[in-house]
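The values are calculated or read from the model by the stated rules, or taken from the named source; none is laboratory data. From a predicted model like this one, the values you see are computed outputs, not experimental measurements. Note that each Cβ is placed from the backbone with ideal geometry, even for glycine, and that neighbours are counted across all protein chains shown. These accessible areas exclude ligands, DNA and RNA; they are computed on the full protein's heavy atoms, side chains included. Shrake-Rupley method; radii C 1.70, N 1.55, O 1.52, S 1.80 Å.
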Amino acid sequence: MTAQTKNGGLIHKLSIGFFIIINFFWIGVPFLMALLWSLVDPKHPWSYPDMFPKVLSFGRWEQMWETSGLVEALTNSYTIAPLVALFTVILALPTAYAFGRIEFRGKKLAEVVVLLPLIMPGMIIGVFFSSMLISLELSEPFWGIVIGHTVLALPYAIRILSASFNSVPQDLIDASKDLGGSSFTTFRHVFMPMLKPGLLASLIFCLVISIEEFNIAFVLGSPDITTVPTILYSYLGYSFIRPNAAVISLILVIPNVILMLVIERLLKGNYLAESTGKA
Amino acid sequence: MMNKTLTAIAATVALGLTTQASAYDLKEMQWNQIVEQAQKEKAINVYVWYFQPRFRTIFKDFEDKYGIKVRVPNSNEKGNINKLIAEGKRSAGKIDVMAIDAARMPSLMQNNLVYGPITDVLPDAAKLKTKLNGVETGGYAVSFWGNQTGFAYDPSRVNEKELPQSFDALGKWISDNPYAFGVNDPNKGGAGNAFIQRAITNMTGDNEAYYATGFDAKNTTKWSEVWTWFDKHSDEITITSSNADSLTRMNDGEISMAPAWEDHLKGLQAQGAITPRIKFYIPEFGMPGGGNMIMMPANTSKKAASMLFINWITSAEVQTRFNEVFGSAPQHPDADDSKALVSQEQRQFSKSFFTADYATKAKKAFTENVLM
C-alpha cells in the first residue's frame, strides 16, 4: 500500500486533467475535425471566412461509399492480412528458435542476412520481387500478394520471436525436464506463456505491414485486387480532396479500432505472472 | 484423371484463343478492321494516376459508343510505372492504356515496354503532339492532356487591378503582403517547380539550353542571384508542402496567392473541395505549360481496343469535354478551349518547362539554398 502524500490528491487530479486535455487536443480535436470535414456538402465548399460549413450533409459519405471501391478494398485487406500474419509466424518460428536458443557458426551473419529486407527501399522490393513472382508464374493476384507480404513481414517476425525464445529462462526448461515433462509439456507450459507476447506482437506487426503495404499489393493485384493503401494513395496524392480524405480516414479507422480493442483484450492476461507464477 | 484431361484441353483451347486474339498486326490493318477487332476485345484497363472517379464517368461515353468496357483502377503515378516494369517480361500485361509524364518515356522505350509508333496507326496522328516538355517520343506516345501553371488567387483578399505582372511587381507585392504568397516545395509538386524555373529565367535571362537535352553546369552559374532573391523574401513567403496544400491553405484563408495548376484548381473546385471564388491567371512574365501523354504498353493483349481508346481520348470532341470538365488545355487543334479558367490572351504568356536535367538541378539547388 502506498502512502498518501500531503498533495497527493491534488497531483492525482491534475495528472488526470492534464491527460484528458492532452488527449482531447491530440485525438479528440483531429477526430472531430475529420468528422466535420466529412460532412461538408459537396456543393457548398467550406472556405474562409466561414467559421463553420454552411451546409452539412452525408453527400460525401454516399459518394465515397459508392465510387471508391472501399468495401472491396477493406474485404481484401482484412482477408489477406490475417493469412499473412499466420503464415509469417509459422514460417518464422524455426528460424527464430535457432537464433534464440542455439549457438552455431555464422549465426551473426545469418541474423544480418535475415534482416536485409528491412533496409531495402520498399519500391525496389515491390518492383523486383513482384517481377520475380510474375516470372515464376505466381501471378495469381490474391496468393501472389499473400506470398509477397509474407516475405516482407518475415524479418520482423523472426526478430521479435527470436528475442522471445531467447528470454525463456533455461532453469525453467531444466525444471520442467527434471520433473519428467515431455518436450511437448515443456513447450506448452514453459515456452508458450513466455512466447505469447512475442507471438501477439509478431501477429500485430505482420497484420500492420500487410495492411499498409502498397507496392507489391498494387503491382500484383491491380486491377483485380484492390487493397486499402491503393485507395489511400489514390485519394491522398495529386487528387487530394480534404472532405473525401476525411471520409476515407474515418471509414478506415473503424476496423483498426476494433482490431486494437481485440488486441487490448488479448493482452490483458498477465504473461509475466503466467510465466513465472508470481502474481 | 478425367478432370485433369479436360482442364488440359480447356487450357490449350484458351491459350489458342488468346494467341489468336492477339495475333494481328495493327500496322497492316485498315481503321475499320481495327474498330471491328476492338469491339471483340470487350474490355480494357486504363491507368491514369489522377481524377480517376471523374475519368470513370467520362469514359462511359466510350463504353456507350463502342460497347467496350473501360476499367480505371485506383493508383498513383509511381505505382503505375512499377507495375509496367514488373510486368514487362510477361506476354500479356494487365495495363492496356496508360497516361504518363513524357519525361518517363525514354527509359520505358529503351526497355521495349511501349508499343509503337502509334502514330503509324492513329487516323488523326498528324494533328497530335508527340513531343512534350522537351521530350520527343518518336510517335510512341501522344499528348492527351494539356496543363498550365499560373497563379491562383483569392479575389476577396487580392486587388485584381493590381495583380503582379512582372517579377519586380511580384517582389513588391510579396513584401507588401507578407506570408500571403505561398510556394510549394518543388520536390512535391510541379507548380512550385514551375515558379522556380520562371524565377531563374526572369532574374538571370532565358537560355535555350534549358529546353534542350544535355546539361552544362556553366549555364547555372548565375542562379545564385535567384536564391539570394528567395533568401531576401524568406520571411515573407509561405512554403507549402504540395500543389494541393497551396490551394487548401488558400481556401482556408491562410495565403491569398500561390503558383498552381489550372486543371488542378478547376478539378478541385468541381468537386467542392475548393471554393469557386478562387481565380487563376497567367502573369505576363510567363509561367510554364506542359501536359501528359498517353500510350499503350508493348504487352497489352488488347491492342486494337487500346488504339481505339487512344484515338477517342485524343479526338477534338473529347478534348473539348476535358476542357469543360477539368480545365485542361485541348491537345487537338480542332477542339474548343473556351471553357478554360484563362483567356486566349493570357495563354500567350505560357512558356515551356525546362528539360529534365535543368529542372532537376533547379529543384536540388532550391532545396539546398532555400529550404535547408
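When you scan segment B:278-291, do you find a residue that is more than 14 Å from chain A (Cβ to nearest Cβ), touching a strand residue (DSSP E or B) at 6+ places or on another chain (Cβ under 9 Å), surrounded by 24 or more Cβ atoms within 10 Å (Cβ to Cβ) and in a helix (DSSP H, G or I), even just one?
no
When segment B:72-95 is examined, which residues are found to be farther than 11 Å from B:P297 by Cβ, more than 7 Å from chain A (Cβ to nearest Cβ) and of a type in the set (S, T, N, Q)?
B:S91
When B:K129 is evaluated against the numbered criteria (1) closer than 18 Å to B:K351 by Cα; (2) touching a helix residue (DSSP H, G or I) at 6+ places or on another chain (Cβ under 9 Å), which criterion, by number, is the only one it fails?
Every listed condition holds for B:K129 apart from (2).
Can you tell me which of B:D245, B:D231 is within 26 Å of B:N369 (Cβ to Cβ) and at the interface with chain A (Cβ under 9 Å from one of its Cβ atoms)? Reasoning before the result, please.
Values: B:D231 fails: at the interface with chain A (Cβ under 9 Å from one of its Cβ atoms).
Result: B:D245 is the single residue among B:D245, B:D231 that is within 26 Å of B:N369 (Cβ to Cβ) and at the interface with chain A (Cβ under 9 Å from one of its Cβ atoms).
Can you find even one residue in segment A:41-53 that is aromatic (F, W, Y), in a helix (DSSP H, G or I) and either away from chain B (no Cβ under 13 Å) or open to solvent by 60 Å² or more (accessible area, probe 1.4 Å) (or both)? Even if it seems obvious, please write down each step before you answer.
Looking only at segment A:41-53, we keep the residues that are aromatic (F, W, Y), and these are A:46, A:48, A:52.
When the remaining residues are screened for being in a helix (DSSP H, G or I), the result is none.
Scanning segment A:41-53, I find no residue that is aromatic (F, W, Y), in a helix (DSSP H, G or I) and either away from chain B (no Cβ under 13 Å) or open to solvent by 60 Å² or more (accessible area, probe 1.4 Å) (or both), so the answer is no.
Return yes when A:F205 is more than 14 Å from chain B (Cβ to nearest Cβ) and over 30 Å from A:S77 (Cβ atoms) and no when it is not. Talk me through it step by step, then tell me what you get.
On the way: more than 14 Å from chain B (Cβ to nearest Cβ): yes; over 30 Å from A:S77 (Cβ atoms): no.
Answer is no for this residue.
What are the residue pairs meeting all of these: first residue in segment A:105-128, first residue open to solvent by 80 Å² or more (accessible area, probe 1.4 Å), second residue among the aliphatic types (A, V, I, L, M), Cβ atoms under 8 Å, and 6 or more apart or on different chains?
As it stands, the answer is A:F128/B:A86, since those pairs meet every condition given.
Which number in (1) part of a helix (DSSP H, G or I); (2) in contact with a strand residue (DSSP E or B) (Cβ under 6 Å, 6 or more places away or on another chain); (3) surrounded by fewer than 21 Cβ atoms within 10 Å (Cβ to Cβ) marks the one condition that B:T238 misses?
Failing condition for B:T238: (1).
Provide a single number: the residues in segment A:54-99 that are open to solvent by less than 70 Å² (accessible area, probe 1.4 Å) and either away from every other protein chain (no Cβ under 14 Å) or under 30 Å from A:N166 (Cβ atoms) (or both).
Total meeting the criteria: 16.
Scan segment A:175-190 for residues that are surrounded by fewer than 20 Cβ atoms within 10 Å (Cβ to Cβ) and either among the hydrophobic types (A, V, I, L, M, F, W, C) or touching a strand residue (DSSP E or B) at 6+ places or on another chain (Cβ under 8 Å) (or both) and report the count. Full working, then the answer.
First, pick out the residues of segment A:175-190 that are surrounded by fewer than 20 Cβ atoms within 10 Å (Cβ to Cβ): A:175-189.
Filter once more, so that each one left must be either among the hydrophobic types (A, V, I, L, M, F, W, C) or touching a strand residue (DSSP E or B) at 6+ places or on another chain (Cβ under 8 Å) (or both): A:175, A:179, A:184, A:187.
Residues that pass the stated criteria total 4.
Kindly evaluate A:E66 against the criterion of being farther than 24 Å from A:E213 by Cβ and either touching a strand residue (DSSP E or B) at 6+ places or on another chain (Cβ under 8 Å) or assigned to a helix (DSSP H, G or I) (or both).
Judged against the criteria, A:E66 is a match.
Select from segment B:59-83 the residues that are crowded, with 18+ Cβ neighbours inside 10 Å and out of contact with any helix residue (DSSP H, G or I) (no Cβ under 7 Å at 6 or more places or on another chain) and write down the one among them that is nearest to A:I216 (Cα to Cα).
B:N80
Determine, yes or no, whether A:S135 is open to solvent by 40 Å² or more (accessible area, probe 1.4 Å) and among the hydroxyl-bearing types (S, T, Y).
Values: open to solvent by 40 Å² or more (accessible area, probe 1.4 Å): yes; among the hydroxyl-bearing types (S, T, Y): yes.
It is true that A:S135 is open to solvent by 40 Å² or more (accessible area, probe 1.4 Å) and among the hydroxyl-bearing types (S, T, Y).
Just to be sure before I move on: is A:G221 within 12 Å of chain B (Cβ to nearest Cβ) and either at pLDDT below 75 or within 30 Å of A:L172 (Cα to Cα) (or both) in the structure I sent?
Numbers: within 12 Å of chain B (Cβ to nearest Cβ): yes; either at pLDDT below 75 or within 30 Å of A:L172 (Cα to Cα) (or both): no.
Considered against the rule, which asks whether it is within 12 Å of chain B (Cβ to nearest Cβ) and either at pLDDT below 75 or within 30 Å of A:L172 (Cα to Cα) (or both), A:G221 comes out as no.
If A:G106 satisfies all but one of (1) on the phi > 0 side of the Ramachandran plot; (2) touching a helix residue (DSSP H, G or I) at 6+ places or on another chain (Cβ under 6 Å), what's the number of the condition it fails?
(2)
Can you say whether B:Y115 is more than 10 Å from every other protein chain (Cβ to nearest Cβ), open to solvent by 40 Å² or more (accessible area, probe 1.4 Å) and touching a residue at least 12 places away in the same chain (Cβ under 8 Å), as far as the supplied structure shows? So that I can check it myself, show each step before the final result.
Working: more than 10 Å from every other protein chain (Cβ to nearest Cβ): yes; open to solvent by 40 Å² or more (accessible area, probe 1.4 Å): no; touching a residue at least 12 places away in the same chain (Cβ under 8 Å): yes.
So B:Y115 does not fit the description; no.
Give segment B:42-58 a look and list any residue that's within 11 Å of chain A (Cβ to nearest Cβ) and either modelled with pLDDT of 95 or more or open to solvent by less than 20 Å² (accessible area, probe 1.4 Å) (or both), or say none. Lay out the reasoning, then the answer.
Going residue by residue through segment B:42-58, those that are within 11 Å of chain A (Cβ to nearest Cβ) are B:43-57.
Listed by number, the residues that qualify are B:A43, B:I44, B:N45, B:V46, B:Y47, B:V48, B:Y50, B:F51, B:Q52, B:F55.
Take the residues in segment B:143-156 that are at pLDDT 95 or above and surrounded by fewer than 21 Cβ atoms within 10 Å (Cβ to Cβ); name whichever of them is nearest to B:M105 (Cα to Cα).
Only one residue tops the list, namely B:D154.
Restricted to segment A:26-40, and to residues that are open to solvent by less than 30 Å² (accessible area, probe 1.4 Å) and more than 13 Å from chain B (Cβ to nearest Cβ), which residue is farthest from B:P53 (Cα to Cα)? Outline the logic, then answer.
The initial filter retains those residues of segment A:26-40 that are open to solvent by less than 30 Å² (accessible area, probe 1.4 Å), namely A:28, A:34, A:37-38, A:40.
If we keep only those that are more than 13 Å from chain B (Cβ to nearest Cβ) as well, we get A:28, A:34.
Numbers: A:G28: 31, A:A34: 22 Å.
Among those that are open to solvent by less than 30 Å² (accessible area, probe 1.4 Å) and more than 13 Å from chain B (Cβ to nearest Cβ), it is A:G28.
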